[in-house]
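Presented below is the structure to which this report refers.
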Amino acid sequence: MTLHGESITVAIGSKKILDDVSITIGAGEVVAVIGPNGAGKSTLLKVLCGDFPPTQGYVRMNSHPLTSFPLAERARRRAVLPQHSLLSFAFTALEVTLMGRTPHAHGGFRPTDYEIAGAALAEADASHLESRTYTTLSGGERQRVHLARVLAQIWDAPASEGSYLLLDEPLTGLDLSHQHHSLAVARRFAARGTGVLTILHDLNLAAQYADRIVVLWQGRTAACGPPTDVLRPDLIQDVFGLSTTVLPHPELDCPLVVAGISAVAMRTGS
Amino acid sequence: MAGSLPFILPMRGIARSITLTVLPALLLLVVLLSAGIGAMGIQPGQVLAILGDQVGLHLPWSYDDGQAGVLLAIRLPRICLGILIGGGLAASGAAMQGLFRNPLADPGLIGVSSGGALGAISVLVLGGTFSASLPSLLGIYLVPAAAFIGSLIVTVMVYRLASARGQGSVATMLLTGIAINAMAGAITGVLTFVATDAQLRSITFWSLGSLGGGTWEAVAASAPFILLPLLLFPRYAAALNALTLGEETAGHVGIDVDRTKRALVVLTSLAVGSSVAVAGVIGFIPLVAPHLLRMLIGPDHRFLLGGSALLGAILLLGADLIARTLVAPAELPIGIVTAGIGAPFFLWLLMHERGGQVL
């Protein structure tokens, strides 16, 4: 059970946004995609969820072409958290979460759908927002409600059929504890058999929560593997142009990236 | 930035039940008032008795033949037309606002009604001889068809323009509306030069709107094209809810966005175009009815679409009652009444409701 993109190339005119990128998200695995702005991270996610077809290459979900799944069928197996969500109508947080149950509802929500929406809100630590109007929520609160919505969407997807969670910068606007909370939720879903792909900017969060890290740079895969293999000072220097020191994490079995002296000098302009 | 009154929210479910019970009762009340008030008064009991006799049910109220004649031949078709048009316009407004992801989309403001009127006027002025040569049944559908095509073209155009520059940009949408309304005004102006006196009167009628043409024939001509959208809209309620999150996200939760958009564009154009064809351009009902309802029951389209249809019918019948009694025995164009009440409401919306955030 995998979500697999093979030799994905996306070209707009003569410019290649993605150039021969292959990626696999296995069941029960958290894969973090990192890379500088404009590296093609969001484009890769959009190709993997079927928003637009790659110029070359293909996407397979559970060994079948992604396009062979009807839209509702696709939606019952994989949920996508976009970078920005638009909503200018005064739905309550519960109603927004229920929208995640759309592919499961046939002519109306069942009591199960309400139970799942409630549980998903609790999982995203947003139960207290349930009857608040979305338009009155802060940026971080909105992001948690949308997380609850995508969790509700694949909440009861049977592990044997392969389910996937694609998160595009899920931590935008979240405070420190909720950043960890959201990634812990992703880990819990992975523990139940869901394959998770998340675009992240914080290398240490990626190191701490991901099984594998894919580094995108100028539309190509610069590195791919477990955090300890990928997060090396030379690679970070090449890709991000930032001098860093990488230490073993004092408590956890993962690397810890610390910005180096020249990075600090760059910041203060001295 | 409170979009609606926050204190009703915990009671949204209750407010919904109450509202959706009260609206049908209100509609019945307005129907009885509309049936009874006019040059010839008819008591509510008499209205029921006349209707009862039509289906062989005898009720204990007496009436004379003149009253029965007025009710059955004049007031009843006008009421039916009012319900159809008010309901069709308001439900289309609700659907269009969901589709454009914008609570300010209104077929009048964005030019869809003008497009319909232009289609109707063109056929009327330029195609007079053509339509006269058609069999009468086909003839009565020619004007609604032209109005539908006019509305459809404008809806597609506005949607393309508004979504090309970001998701449903309000500024683009309203500016497109201004341009199209101006264009429609100019072309209508040109047509008035080639129009005969009789055609001129109906051009005025089209630009200001009136239920004065409420005959059974008009009801028959518009009913199928308004009832079809009204019956099909609820199928798209879940899709409209998801669409408020943006087109991509709607796709991610399994909605066939392209099919939904096409269906809604055609259905709203059908309802708006047919309304324009028989009653002219009636503004603000499609904006005001869904808005009032959202404040009461929230934006969930599963309840909003049907509720808007009921409230739109109530508002239009109410406006028609004012239009034909205020300066009796003369009659105001109904567009003047709906604009007189709707335009200040729209201004209030712009100033207060969203703290100037709408644009």
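The values are calculated or read from the model by the stated rules, or taken from the named source; none is laboratory data. Worth saying up front: this structure is predicted, and the values here are computed from it rather than measured. Using ideal geometry, Cβ is built from the backbone for each residue, glycine included, and neighbour counts are taken over all protein chains shown.
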Here is a list: B:GLY312, B:GLY280. Which entry is closer than 27 Å to B:ALA242 by Cβ and surrounded by 24 or more Cβ atoms within 10 Å (Cβ to Cβ)?
B:GLY312
Surrounded by fewer than 22 Cβ atoms within 10 Å (Cβ to Cβ), within 19 Å of the chain's Cα centre (by Cα), on the phi > 0 side of the Ramachandran plot and more than 10 Å from every other protein chain (Cβ to nearest Cβ), is that true of A:GLY50?
no
How many residues are assigned to a helix (DSSP H, G or I), among the hydrophobic types (A, V, I, L, M, F, W, C) and at the interface with chain A (Cβ under 7 Å from one of its Cβ atoms) when one looks only at the stretch B:228-252?
2
All but one of (1) buried (at least 21 other Cβ atoms within 10 Å of the Cβ); (2) in a helix (DSSP H, G or I); (3) within 13 Å of chain B (Cβ to nearest Cβ) hold for A:ALA120; which doesn't?
(3)
Identify all residues within the stretch A:1-38 that are farther than 23 Å from B:THR249 by Cβ and buried (at least 22 other Cβ atoms within 10 Å of the Cβ); write none if there are none.
A:VAL21, A:ILE34, A:GLY35
For the stretch B:290-309, indicate whether the set of residues that are of a type in the set (Asp, Glu), more than 27 Å from B:PRO144 (Cα to Cα) and outside any helix (DSSP H, G or I) is non-empty.
yes
The one condition A:PHE91 fails out of (1) within 13 Å of chain B (Cβ to nearest Cβ); (2) within 20 Å of the chain's Cα centre (by Cα); (3) not small (Gly, Ala, Ser) is (2)
Within the stretch A:1-15, track down each residue that is assigned to a strand (DSSP E or B) and in contact with a strand residue (DSSP E or B) (Cβ under 8 Å, 6 or more places away or on another chain).
A:THR2, A:LEU3, A:HIS4, A:GLY5, A:GLU6, A:SER7, A:ILE8, A:THR9, A:VAL10, A:ALA11
Test result for B:GLY280, more than 22 Å from B:PHE100 (Cα to Cα), touching a residue at least 60 places away in the same chain (Cβ under 8 Å) and not hydroxyl-bearing (Ser, Thr, Tyr)
yes
Mind listing whichever residues of the stretch B:259-279 are farther than 30 Å from A:PRO70 by Cα and over 10 Å from the mean Cα position of the chain (by Cα)?
B:ALA277, B:VAL278
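Conditions (1) farther than 22 Å from A:LEU200 by Cβ; (2) within 11 Å of another protein chain (Cβ to nearest Cβ), marked per residue:
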| position | (1), (2) |
| --- | --- |
| A:PRO103 | yes, yes |
| A:GLU115 | yes, no |
| A:THR136 | yes, yes |
| A:HIS180 | no, no |
Mind checking whether some residue in the stretch A:124-140 is touching a strand residue (DSSP E or B) at 6+ places or on another chain (Cβ under 8 Å), of a type outside the set (Val, Ile, Thr) and part of a helix (DSSP H, G or I)?
yes
Answer yes or no: is there a residue in the stretch B:19-37 that is more than 14 Å from every other protein chain (Cβ to nearest Cβ), in a loop (DSSP other than H, G, I, E, B) and at pLDDT 85 or above.
yes
Among residues of the stretch A:143-169 being of a type in the set (S, T, N, Q) and in a helix (DSSP H, G or I), the residue farthest from the chain's Cα centre (by Cα) is A:SER160
Per the filter on the stretch B:206-231, residues of a type outside the set (Ser, Thr, Tyr) and over 16 Å from the mean Cα position of the chain (by Cα) are B:TRP216, B:GLU217, B:ALA220
Here are some residues: A:SER42, A:SER7, A:SER14. Which one is more than 21 Å from A:ALA186 (Cβ to Cβ) and touching a residue at least 24 places away in the same chain (Cβ under 8 Å)?
A:SER7
Would you be able to tell me the number of residues in the stretch A:184-204 that are of a type in the set (A, V, I, L, M, F, W, C), free of Cβ contacts under 8 Å to residues at least 40 places away in the same chain and within 19 Å of A:LEU45 (Cα to Cα)?
1
For the stretch B:64-86, state whether one or more residues are buried (at least 16 other Cβ atoms within 10 Å of the Cβ) and in a loop (DSSP other than H, G, I, E, B).
no
Of (1) touching a Cys at 6+ places or on another chain (Cβ under 9 Å); (2) without any contact (Cβ under 8 Å) to a residue 12 or more places away in the chain, A:ARG78 fails just (2)
For the stretch A:78-88, which positions are facing chain B (nearest Cβ under 10 Å) and surrounded by fewer than 22 Cβ atoms within 10 Å (Cβ to Cβ)?
A:HIS84, A:SER85, A:LEU86, A:LEU87, A:SER88
Residue that is nearest to the other protein chains (Cβ to nearest Cβ) [pool: residues in the stretch B:289-309 that are buried (at least 24 other Cβ atoms within 10 Å of the Cβ) and over 26 Å from A:THR97 (Cβ atoms)]
B:ALA289
From the options B:ILE255, B:ILE203, residue that is outside any helix (DSSP H, G or I), of a type in the set (Val, Ile, Thr) and either closer than 16 Å to B:VAL112 by Cα or touching a Ser or Thr at 6+ places or on another chain (Cβ under 9 Å) (or both)
B:ILE255
